[in-house]
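Scroll down for the structure; my scribbles are underneath it.
The values are calculated or read from the model by the stated rules, or taken from the named source; none is laboratory data. Note that the coordinates shown come from a computational prediction; the quantities given were computed from them, not determined experimentally. Cβ placement follows ideal geometry from the backbone for every residue including glycine, while neighbour counts extend to all protein chains displayed. Areas reflect the complete protein model, heavy atoms only, side chains present, ligands, DNA and RNA absent. Shrake-Rupley method; radii C 1.70, N 1.55, O 1.52, S 1.80 Å.
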Amino acid sequence: MGSRAPSTTKTASASLELTPDVLVCGGGLAGAMAAVAAARQGAQVLLVERYGFLGGNATGGAVAQFNSWQTSSGRPVIAGLAREVVERLRAYGAAGEHQVFVMSTGHTMDRIEYAPEVLKLVLDDLILEAGVQPLLHANVLDVEVTDGRLHTVRVLTKSGVLSLRPRVLVDTTGDIDVLHRAGARFLDLEEGDQLQPATMMFRFGPIDYARFDALGPADLKTLARRGYEDGELARAALHAARDPYSSDAWFNISRLGIDATDVTALSRAEIEGRRQAWRAAGYLRRAVPGCEAGRLQAFATQVGIRETRRVHGDHVLTAEELSQPTVFDDGIAAGAYPIDIHPASGGELIYTPLGPDHAYQIPYRSLLPRDLRNTLVAGRGISATHAALAAIRVMTISMAVGQAAGVAAALACAADGEVRAVEAGPLRRLLLDQGAVLA
Ligand SMILES: Cc1cc2nc3c(=O)[nH]c(=O)nc-3n(C[C@H](O)[C@H](O)[C@H](O)COP(=O)(O)OP(=O)(O)OC[C@H]3O[C@@H](n4cnc5c(N)ncnc54)[C@H](O)[C@@H]3O)c2cc1C
């Protein structure tokens, strides 16, 4: 590890070749945090993203609220880089205060709302300041693997096909596309389980918040149920995250039961998602106090994807381990978000709250795909059961796990990229020094 920019060479076929220490594929929140953490640790980092901006679900999917910073009694479980992201958003005037609120289901939740467009700027600032080399508009094409080592990722760009030859790869594509192409093993859904649905977020406003906020959880529940039963809402919810810049809000009330790795289904979902959002906006105007003057202002850039592939790692994190909770010697992140399963169809949620002051850990081994020696996974594709993922998928935890993956990737460079040579003790100490919470 030395100078910042990964070295480049022209191959005989004149295609560009880059040789970073760490290649992070997928610039969602997990990937952006992994890239920043690895670069701050001294690694040369290349960050590949298929869109022209970073953030994934958090920006392109317009999720607009970071949930679950603390246990029910207020003990912090997330800090580190995730906290820095919020501080930087606040410096732009683009994040609200931390708040605890009661959902229409009657459960209590904590969150920080933010402006998705400004998060793009914050992530740009973070990666550039850390010295990460961004490669935007680059789609993962194929890979070469020999003896369990990933040698090359080829990406398709406007400049043609580029060959990337890292020492360590971190797959943060959400759908874990790189490792899928590498022939990695993935976890199957269990009998009766279905992938969580996608959602087309939409921005609606202006909203008269004096009247909208006067609606109690019981009123919201009644209105949501009526909208669902009348066929106007695809799920019985009126869940909204307020835009800090205006009197608009991003609504999370559509439901698209698909496998988002199937491009035909994904294409249909984008179209159906916009139709559901349009119908829902009409219902808001007609039926919901405070929304009468509102209009649909924007769709998210793409449908938000909650769940697709989960890699089979050295450890498969289970819901029981979250609810006990299990203490792991190699715990590299903590969380307190409950098990929150959106069924693929029907109006409701399956929501399993945790006990008072309850937090759980995520072990490093859940980031290590079986049979591969120089690769890590972070974000919504780590090695966890469907039910455990329903808790750890949120953005706060994705950022914490991304940070851990980045530090681990940088440490693995000293061992020729072997991710199992990274010892949990030093990794945990570095993360604690960086302000992360691990339990
Ligand atoms: C509708 C919805 C509502 C949610 N609500 C909340 C909430 O209220 N609070 C909360 O905290 N969390 C919420 N979540 C969960 C959270 O948003 C995600 O789980 C989290 O953002 C996952 O981050 P990630 O970085 O792992 O993946 P993603 O955000 O999916 O990022 C993956 C990145 O990889 C890129 N990529 C993918 N494939 C390729 C490829 N082949 N080549 C190059 N680049 C590629 C993508 O463009 C993207 O930038 C919600 C999720 C959804 C979908």
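Would you confirm whether or not the stretch 321-329 contains a residue that is assigned to a loop (DSSP other than H, G, I, E, B), open to solvent by 20 Å² or more (accessible area, probe 1.4 Å) and on the phi > 0 side of the Ramachandran plot? Checking the stretch 321-329: not a single residue is assigned to a loop (DSSP other than H, G, I, E, B), open to solvent by 20 Å² or more (accessible area, probe 1.4 Å) and on the phi > 0 side of the Ramachandran plot.
In summary, Asp177 fulfils each of the numbered conditions (1) acidic (Asp, Glu); (2) free of Cβ contacts under 8 Å to residues at least 40 places away in the same chain; (3) near the ligand (Cβ under 9 Å from one of its atoms) with the single exception of condition (2).
Residue check: Val48 meets all listed conditions (1) crowded, with 23+ Cβ neighbours inside 10 Å; (2) farther than 21 Å from Gly96 by Cβ; (3) more than 8 Å from the ligand (Cβ to nearest atom); (4) of a type in the set (A, V, I, L, M, F, W, C) but one, namely (3). Within the stretch 294-328, the set of residues being farther than 30 Å from Gly183 by Cβ and in contact (Cβ under 8 Å) with a residue 60 or more places away in the chain comprises Gly294, Arg295, Leu296, Gln297, Ala298, Phe299, Ala300, Thr301, Val327. Here Ile332 does not qualify as among the aliphatic types (A, V, I, L, M), free of Cβ contacts under 8 Å to residues at least 60 places away in the same chain and in contact with a strand residue (DSSP E or B) (Cβ under 7 Å, 6 or more places away or on another chain). The residues of the stretch 258-277 that are more than 20 Å from the chain's Cα centre (by Cα), in contact (Cβ under 8 Å) with a residue 60 or more places away in the chain and surrounded by fewer than 18 Cβ atoms within 10 Å (Cβ to Cβ) amount to a single one, Arg274. Among the residues of the stretch 98-111, is there at least one that is in a loop (DSSP other than H, G, I, E, B), within 13 Å of the ligand (Cβ to nearest atom) and over 26 Å from Ala439 (Cβ atoms)? Scanning the stretch 98-111, I find at least one residue that is in a loop (DSSP other than H, G, I, E, B), within 13 Å of the ligand (Cβ to nearest atom) and over 26 Å from Ala439 (Cβ atoms), so the answer is yes.
When residues in the stretch 67-94 are screened for being within 21 Å of Phe204 (Cβ to Cβ) and away from the ligand (no atom under 13 Å from the Cβ), 1 of them pass. If you go through the stretch 57-66 and keep only what is open to solvent by 30 Å² or more (accessible area, probe 1.4 Å) and either out of contact with any helix residue (DSSP H, G or I) (no Cβ under 6 Å at 6 or more places or on another chain) or more than 6 Å from the ligand (Cβ to nearest atom) (or both), you end up with just Asn57. In the stretch 371-407, of all residues being modelled with pLDDT of 95 or more and more than 16 Å from the ligand (Cβ to nearest atom), the one that is most open to solvent (accessible area, probe 1.4 Å) corresponds to Arg373. Residues that are within 12 Å of Val122 (Cβ to Cβ), more than 7 Å from the ligand (Cβ to nearest atom) and in a loop (DSSP other than H, G, I, E, B): does the stretch 32-41 have at least one? No; the residues of the stretch 32-41 include none that is within 12 Å of Val122 (Cβ to Cβ), more than 7 Å from the ligand (Cβ to nearest atom) and in a loop (DSSP other than H, G, I, E, B). Here Arg203 fits the description: part of a strand (DSSP E or B), surrounded by 19 or more Cβ atoms within 10 Å (Cβ to Cβ), basic (Lys, Arg) and within 16 Å of the ligand (Cβ to nearest atom).
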